[in-house]
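Heads up: the structure comes next, in structure tokens.
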Amino acid sequence: MTYLDLHSHSVASDDSRATVEQYLKWINVLRKRGFTVDGIVLTEHRQYDFDVDYSQLAEQYGVIVLKGAELDTCFGHMLVYNITPGLARDVDFGDVKMDGRELIKAARHHGGFVVPAHPGRFGIGLVEYMALGERFDDVSIVERVNGGSKPEENERADELCQRTGYLGTGGSDAHLASHIGRVVTEFKANIATSEQLVEALMSGQFRPVPIAETAAAPVS
Amino acid sequence: MPATAKLYFEDTELGDEIGPIILSVTDEQVIDFCSLWGNPHPNRFTDQAEAERVGLDAPIVPGIMSMALVSRALTDWAGPGVVSDLDLVFRGSVPHNQPLHVAFQISDTSQQDGLNQVQCDITMTGPVPDRPYIIGTALLTLPSRE
């Protein structure tokens with residue numbers, strides 16, 4: 001079992017005020033309170049830095065740190081996991097109007113995986129585009145619980161999953177240290193790398209859980 | 001030890017949570033603030049029609065007034081003169097005449113070069129936990145008991 005926060009932003013994103021180390025310190029605060037958070041995925045806005053290496057910090061604090069991105073597309077924000085040099089070559093991460101469907105295909109082609117972020121969010125979520133008649137045949141998983149969304153927006157994401165059969169992940173969408181881990185995804189698999197994360201997503205063996213539900217979880 | 005000290009570095013711990021401190025801002029207070037600031041009434045902060053003209057549902061609390069409110073809440077808690085940095089991100093319009101819930105979480109502490117510093121996360125929301133009007137951080141430089 002692995003509990004990962006699949007959506008977080010460090011100061012590399014312009015609207016975040018938390019360093020990666022502050023996130024890792026806060027996760028240890030959560031652990032002292034009895035909650036289980038094994039790791040995080042940093043999903044910086046519109047960028048991916050191949051050179052930055054958090055392995056030393058991860059080891060120091062005992063927290064898994066993976067890297068992804070949250071990209072702007074013409075169909076809303078999309079979380080991208082297991083980003084490879086090939087994907088970064090084929091996709092302009094700074095293009096805020098990129099075709100979301102093409103991003104999904106490109107990510108799969110290069111071994112990555114795309115999960116539409118906060119699909120129930122008013123104005124910018126996938127639900128809005130589906131209501132306009134858009135189809136997303138390559139989507140199978142969406143972010144069902146987003147820690148930064150309003151309750152009614154998460155309800156819309158929940159309804160979307162029930163209506164379509166999409167599976168759902170959870171992430172805090174933290175922009176402050178104390179918001180990390182508010183929502184996590186519980187995976188049946190043990191995950192330590194981005195490749196394993198993609199495998200675990202494709203297995204379908206996961207569910208979003210609020211932090212409170214991790215309290216009784218066995219320490220992995 | 002400064003005579004005005006309210007909070008000492010040794011009294012703080014990573015993970016401490018303060019609040020919510022419940023504030024509110026009346027129409028009259030915003031008009032007074034704008035008058036002092038040199039932004040005469042009516043404007044989008046004080047007048048319904050002016051607010052609607054620029055696409056707002058209602059008049060909002062000016063950003064610098066919200067910063068002042070947060071700063072005062074910090075110094076009411078931690079003491080005068082301790083705020084070394086205040087960095088806020090406005091994610092929604094701050095309304096008049098509504099309860100504003102301000103909360104601080106200590107997200108880091110450090111002692112370096114003779115400075116005792118505490119970083120606080122800041123959120124300002126409405127009464128129902130929802131997407132915040134404001135998020136941000138403050139860096140406090142606190143006295144030590146030693």
Item checked: Within segment A:170-214, considering residues that are of a type in the set (S, T, N, Q) and under 13 Å from the mean Cα position of the chain (by Cα), the one most open to solvent (accessible area, probe 1.4 Å) -> A:Ser194
Next item on the list: Return only the number of the condition from (1) open to solvent by 30 Å² or more (accessible area, probe 1.4 Å); (2) in a loop (DSSP other than H, G, I, E, B); (3) closer than 23 Å to A:Ile141 by Cβ that A:His77 does not satisfy.
Entry: (2)
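Select from segment B:1-54 the residues that are within 14 Å of chain A (Cβ to nearest Cβ), of a type in the set (D, E, K, R) and more than 20 Å from B:Pro99 (Cα to Cα) and write down the one among them that is surrounded by the fewest Cβ atoms within 10 Å (Cβ to Cβ). If you could, list the steps in order and put the result at the bottom.
Going through segment B:1-54, the residues within 14 Å of chain A (Cβ to nearest Cβ) turn out to be B:12-20.
Now restrict to residues that are of a type in the set (D, E, K, R): B:13, B:16-17.
Those left that are additionally more than 20 Å from B:Pro99 (Cα to Cα): B:13, B:16.
Numbers: B:Glu13: 10, B:Asp16: 15.
Within segment B:1-54, the match that is surrounded by the fewest Cβ atoms within 10 Å (Cβ to Cβ) is B:Glu13.
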Checklist line | Residue that is farthest from A:Ile104 (Cα to Cα) [pool: residues in segment A:52-74 that are out of contact with any Lys or Arg (no Cβ under 8 Å at 6 or more places or on another chain) and part of a loop (DSSP other than H, G, I, E, B)] | finding: A:Gly62
Next item on the list: Hey, could you check segment B:55-101 for residues that are within 15 Å of B:Leu23 (Cα to Cα) and assigned to a strand (DSSP E or B) and say which is least open to solvent (accessible area, probe 1.4 Å)?
Entry: B:Leu100
Next item on the list: Given the conditions (1) free of Cβ contacts under 8 Å to residues at least 24 places away in the same chain; (2) over 15 Å from A:Ala177 (Cα atoms), report the number of the one that A:Thr73 does not fulfil.
Entry: (1)
Checklist line | Residue that is nearest to the chain's Cα centre (by Cα) [pool: residues in segment B:102-116 that are among the hydrophobic types (A, V, I, L, M, F, W, C) and open to solvent by less than 40 Å² (accessible area, probe 1.4 Å)] | finding: B:Val102
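Being in contact with a helix residue (DSSP H, G or I) (Cβ under 8 Å, 6 or more places away or on another chain) and among the small types (Gly, Ala, Ser): is that true of A:Ser55 here? Steps first, answer last, please.
On the way: in contact with a helix residue (DSSP H, G or I) (Cβ under 8 Å, 6 or more places away or on another chain): no; among the small types (Gly, Ala, Ser): yes.
For A:Ser55, the condition - in contact with a helix residue (DSSP H, G or I) (Cβ under 8 Å, 6 or more places away or on another chain) and among the small types (Gly, Ala, Ser) - is not met.
Where residues in segment A:14-51 are of a type in the set (S, T, N, Q), within 11 Å of another protein chain (Cβ to nearest Cβ) and part of a loop (DSSP other than H, G, I, E, B), which of them is nearest to A:Asn146 (Cα to Cα)? Explain how you work it out, then say what you get.
Residues of segment A:14-51 of a type in the set (S, T, N, Q): A:16, A:19, A:22, A:28, A:36, A:43, A:47.
Now narrow it down to the ones that are within 11 Å of another protein chain (Cβ to nearest Cβ): A:16, A:19, A:22, A:28.
Subset that is part of a loop (DSSP other than H, G, I, E, B): A:16, A:19.
Working: A:Ser16: 16, A:Thr19: 20 Å.
Ranking the candidates gives A:Ser16 first.
Just to check your reading of the model, which residue among A:Arg144, A:Arg108 is closer than 17 Å to A:Leu201 by Cβ and surrounded by 19 or more Cβ atoms within 10 Å (Cβ to Cβ)?
A:Arg144
The values are calculated or read from the model by the stated rules, or taken from the named source; none is laboratory data. Quantities reported herein were computed from a predicted structural model and do not represent experimental measurements. As a convention, Cβ positions derive from the backbone with ideal geometry for all residues, glycine included, and neighbour counts pool all protein chains shown. Heads up: the accessible areas ignore ligands, DNA and RNA and are worked out on the full protein's heavy atoms, side chains in. Shrake-Rupley method; radii C 1.70, N 1.55, O 1.52, S 1.80 Å.
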